[in-house]
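S.K.: Below you will find the structure I want to go over with you.
The values are calculated or read from the model by the stated rules, or taken from the named source; none is laboratory data. Since we're looking at a predicted model, the values are computed, not measured. So basically every Cβ, Gly included, is an ideal-geometry build from the backbone, and we count neighbours across all protein chains shown. We work out accessible area using only protein heavy atoms, side chains counted, and drop any ligands, DNA or RNA first. Shrake-Rupley method; radii C 1.70, N 1.55, O 1.52, S 1.80 Å.
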Amino acid sequence: MKKLASLITAAVVAFGAPAQAELSDILEEGVIQIAVPENFPPFGSLGPEGEYVGYDVAVAEMIAEDLGVELELVPVTSSQRIPYLETDRVDLVISSMGANPERAKSIMFSSAYAPFYSGAFAAPDIEIAAVEDLSGMTVGLTGGTLEDLELTEIAPEGTEIIRFGDNAATLSAYLSGQVDVLVTGNTVAAQLSEDNPDLGLQTKFILNDSPCFIGVKKGNTDLLQWVNVFILHKKLGGQLNELSLEYFGQELPELPTL
């Protein structure tokens, strides 16, 4: 991704002044504080040069750049995401967060900005487009996972499902040609593609979809509206697709709007 303009700096903060929250305050103060994953690659993690990198970090950088303000990154764990927003530690949460009715009692959600799903992955010459096409195929997955439970229930007759003890064994089996199709999460598939750039791994179909949404504090409707316009603009302009290719190794799929 291109370097940010000089007025944008990414500082990692643990504690500091309260977040501005309202869009007008953010613009006036010239700073936005955004929560990103502390250790959840490829969405966000500490890179080899000591700076946070990942899909969510790149989105946070684009938001700061479009607002024309300084960016302060706030690394968070999953359990910190909503409390940090509610207590004004951050202005936005961009941390691979799914939306559900329980969370929506506490915060507001933007339209989806990133894919997060379990799916079937295979080489370009494997012609499958739906679960029905798995008949006659050998499918590798990690036993006991959500993918295992779901596929076991819906796989057509003639599908050979081979279960492995962990993700490492599952990926090794796919790489060695023991199975035709890999069923796993998109982040696992993305890491496999990154480690093996000549593999040509493609998403064949999505088994279970749970995209990511940006969290906004309740009541900050101006900021939420701006974020939704930002997401729309970056989808139409192709920037989110570029990030999806870079970090997940896949084209950006259709994402829901709220």
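S.K.: Looking only at the stretch 172-220, which residues are modelled with pLDDT of 95 or more, in a helix (DSSP H, G or I) and in contact with a helix residue (DSSP H, G or I) (Cβ under 9 Å, 6 or more places away or on another chain)?
M.R.: Passing the criteria: TYR174, LEU175.
S.K.: Sticking with this one: Return the residue satisfying two criteria in turn: it lies in the stretch 77-97 and is among the hydrophobic types (A, V, I, L, M, F, W, C) and within 15 Å of the chain's Cα centre (by Cα), and of such residues it is farthest from PRO41 (Cα to Cα).
M.R.: Once the filter is applied, the top-ranked residue is VAL93.
S.K.: Further question: Please find, within the stretch 51-90, the residue that is surrounded by the most Cβ atoms within 10 Å (Cβ to Cβ) out of those that are within 17 Å of GLY237 (Cβ to Cβ) and not small (Gly, Ala, Ser).
M.R.: TYR55
S.K.: Taking the condition of being among the aromatic types (Phe, Trp, Tyr) and within 30 Å of ILE32 (Cβ to Cβ), how many residues in the stretch 190-220 meet it?
M.R.: Residues flagged as among the aromatic types (Phe, Trp, Tyr) and within 30 Å of ILE32 (Cβ to Cβ) within the stretch 190-220 amount to 1.
S.K.: If SER172 satisfies every condition in (1) of a type in the set (Ser, Thr, Tyr); (2) in contact (Cβ under 8 Å) with a residue 24 or more places away in the chain; (3) under 23 Å from PHE248 (Cα atoms) but one, which is the exception?
M.R.: Looking at each condition in turn, SER172 falls short on (2).
S.K.: Give the stretch 141-154 a look and list any residue that's under 16 Å from PHE205 (Cβ atoms) and assigned to a strand (DSSP E or B), or say none.
M.R.: The one that is under 16 Å from PHE205 (Cβ atoms) and assigned to a strand (DSSP E or B): LEU141.
S.K.: Here's something else I'd like to know. So VAL36 fits all but one of (1) in contact with a Pro (Cβ under 8 Å, 6 or more places away or on another chain); (2) of a type outside the set (Phe, Trp, Tyr); (3) open to solvent by 20 Å² or more (accessible area, probe 1.4 Å); what number is the exception?
M.R.: The one condition VAL36 does not meet is (3).
S.K.: Please find, among THR138, THR184, THR142, THR152, the residue that is touching a strand residue (DSSP E or B) at 6+ places or on another chain (Cβ under 7 Å), open to solvent by less than 30 Å² (accessible area, probe 1.4 Å) and more than 29 Å from ILE94 (Cα to Cα).
M.R.: THR138
S.K.: Can you confirm whether the stretch 218-228 contains a residue that is under 25 Å from SER78 (Cβ atoms), among the β-branched types (Val, Ile, Thr) and open to solvent by 10 Å² or more (accessible area, probe 1.4 Å)?
M.R.: Scanning the stretch 218-228 turns up no residue that is under 25 Å from SER78 (Cβ atoms), among the β-branched types (Val, Ile, Thr) and open to solvent by 10 Å² or more (accessible area, probe 1.4 Å).
S.K.: Here are GLU157, GLU246: which of them is of a type in the set (D, E, K, R), in a helix (DSSP H, G or I) and surrounded by fewer than 18 Cβ atoms within 10 Å (Cβ to Cβ)?
M.R.: GLU246
S.K.: Working only within the stretch 23-50, note down all residues that are on the phi < 0 side of the Ramachandran plot, at pLDDT 95 or above and outside any helix (DSSP H, G or I).
M.R.: Selection gives VAL31, ILE32, GLN33, ILE34, ALA35, VAL36.
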